[in-house]
1. What are the residues in segment 241-257 that are crowded, with 22+ Cβ neighbours inside 10 Å and either touching a Lys or Arg at 6+ places or on another chain (Cβ under 8 Å) or among the aromatic types (Phe, Trp, Tyr) (or both), if any?
2. Sort out for me the strands (runs of 3 or more DSSP E) sitting completely within segment 295-391 that have 1 or more residues that are outside the structural domain of Ser278 (by TED's automatic domain parsing).
3. Might you let me know whether segment 317-330 holds any residue that is buried (at least 19 other Cβ atoms within 10 Å of the Cβ), in contact (Cβ under 8 Å) with a residue 24 or more places away in the chain and within 22 Å of the chain's Cα centre (by Cα)?
4. Would you check if Trp261 is over 15 Å from Leu9 (Cβ atoms) and in contact with a Cys (Cβ under 7 Å, 6 or more places away or on another chain)?
5. Sort out which residues of segment 388-440 are within 45 Å of the chain's Cα centre (by Cα), over 30 Å from Gly165 (Cα atoms) and of a type in the set (Asp, Glu), and write them in order of number.
6. Tell me, which helices (runs of 4 or more DSSP H) lie completely within segment 1-82 with 3 or more residues that are of a type outside the set (A, V, I, L, M, F, W, C) and without any contact (Cβ under 8 Å) to a residue 12 or more places away in the chain?
Amino acid sequence: MTDPSARPLRLSTADAGFEAAFAARLHWSEETDAQVEQAVTGILDAVRRRGDEAVLEYTRRFDALQADSMAALQLAPAELKAAFDSLAAPRREALQAAAARIRSYHEAQKRAGGESWSYREPDGTLLGQKVTPLDRVGIYVPGGKAAYPSSVLMNAIPAQVAGVGEIVMVVPTPRGEKNPLVLAAAHVAGVSRVFTIGGAQAVAALAYGTATVPRVDKITGPGNAYVASAKRRVFGQVGIDMIAGPSEILVLADGSTPADWVAMDLFSQAEHDELAQSILLCPDAAYIDRVQAEIDRLLPEMPRREIIAKSLNGRGALILTRDMAEACAISNRIAPEHLEIASAEPQRWEPLLRHAGAIFLGGYTSESLGDYCAGPNHVLPTSSTARFSSPLGVYDFQKRSSLIEVSEAGAQRLGRIAAELARGEGLQAHARAAEMRLKKP
């Protein structure tokens, strides 16, 4: 069997047909397959009606995991600790180092804006905001094609830093195969309870609650099309972080970073799945040629080369721009999940970039460092949603309540204003409730 080849689409912004070709390459349908939607509807309804019984049924069907009770699918804390202890020392130390960096970053995030505040006006009226953590959250950790201990850390640690009372983790274990590193990460991150269930049925169990799985207030974490569809449908019953699409990387290169580094950075997203998108924007045609040559040279070495090739051939692009400023403008149109500035002067271009999930500055800052251990969260907006949404963080696990304490003197002033506006809206009870606090002349 011959190795696959990867030929990302070559484009130039100077070409007459650039806009149409560019739009076609970027296009990603947000519509999930009708069969997925239909299947998810049935699963959610069954779990809502039948609870644990339905979860067990779907776990047997989809994960080929035979269990007679939900108790058999809940992992004891001792099993998580045993998984941690079983790791080789270098891997155990790496896990702890990554967790410490992620915790440190999210603690700084909390200090910067996650505290309650209030102030008093001269008449004694108090106004403010009370910030409180959610009581219970559910984190979904993928467990099908690959294991993702990093997702455990990135979802659980900011929730713990925020002060969430209970963190419930669900992770599919097809055919009962448990990944020790995932379980060890749950131990390190302080996860409260772990159930070895996945798919739409796991989302339903978290959203509605069953006799065994507690109902949560919010569900975070990525998954496949069934998980994304289920999260979309249960939103309103519970909060969700985002609807995640395929992974993306955009590299802005000025030609100063070794071409093999950039080629491997493009691979780092392409290896996730065939629908992942890897794009290079560069004003140097000769450099783009070198990157393609490195793609050709390095691809046969990659264990996931078939996935990488399908991703690059189907959704990848190497785009020649007029200059770096134009590359930045195109980047803002794409609003990528991961944005690397592979430049000798990253600080020069960063101010021009407005929309990205995470920005990686300079040739030494590979996107993979952000995925695992730099500290900022790797749960990022995809499919151009970085135009209006943000990375997962402490603020996703907190809610804000307004504080209002009106003094007697304040009620005299505010009551007249409220009564006037309430009568203008035709809401007499509102007006009278305010006026009853007014002093009689």
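The values are calculated or read from the model by the stated rules, or taken from the named source; none is laboratory data. Not measured: the values here are computed from a predicted model. Backbone-built Cβ (ideal geometry, glycine too); neighbour counts: all protein chains shown.
1. Listed by number, the list holds a single entry, Asp241.
2. none
3. Among the residues of segment 317-330, not one is buried (at least 19 other Cβ atoms within 10 Å of the Cβ), in contact (Cβ under 8 Å) with a residue 24 or more places away in the chain and within 22 Å of the chain's Cα centre (by Cα), which makes the answer no.
4. Taking the combined requirement at face value, the residue does not satisfy it.
5. Selection gives Glu425 alone.
6. Per the criteria, 34-50, 52-63.
Each row is one residue, and each column tells you yes or no for (1) modelled with pLDDT of 95 or more; (2) crowded, with 20+ Cβ neighbours inside 10 Å.
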position: Ala78; (1), (2): yes, no
position: Ala108; (1), (2): no, no
position: Ala112; (1), (2): no, no
position: Asp135; (1), (2): yes, no
position: Ile139; (1), (2): yes, yes
position: Ala156; (1), (2): yes, yes
position: Ala159; (1), (2): yes, yes
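One line per residue, one yes/no per condition, for (1) not hydroxyl-bearing (Ser, Thr, Tyr); (2) not assigned by TED's automatic domain parsing to the domain that holds Phe267:
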| position | (1), (2) |
| --- | --- |
| Gly17 | yes, no |
| Ala20 | yes, no |
| Gly42 | yes, yes |
| Asp45 | yes, yes |
| Arg50 | yes, yes |
| Val55 | yes, yes |
| Arg61 | yes, yes |
| Gln66 | yes, yes |
| Ser69 | no, yes |
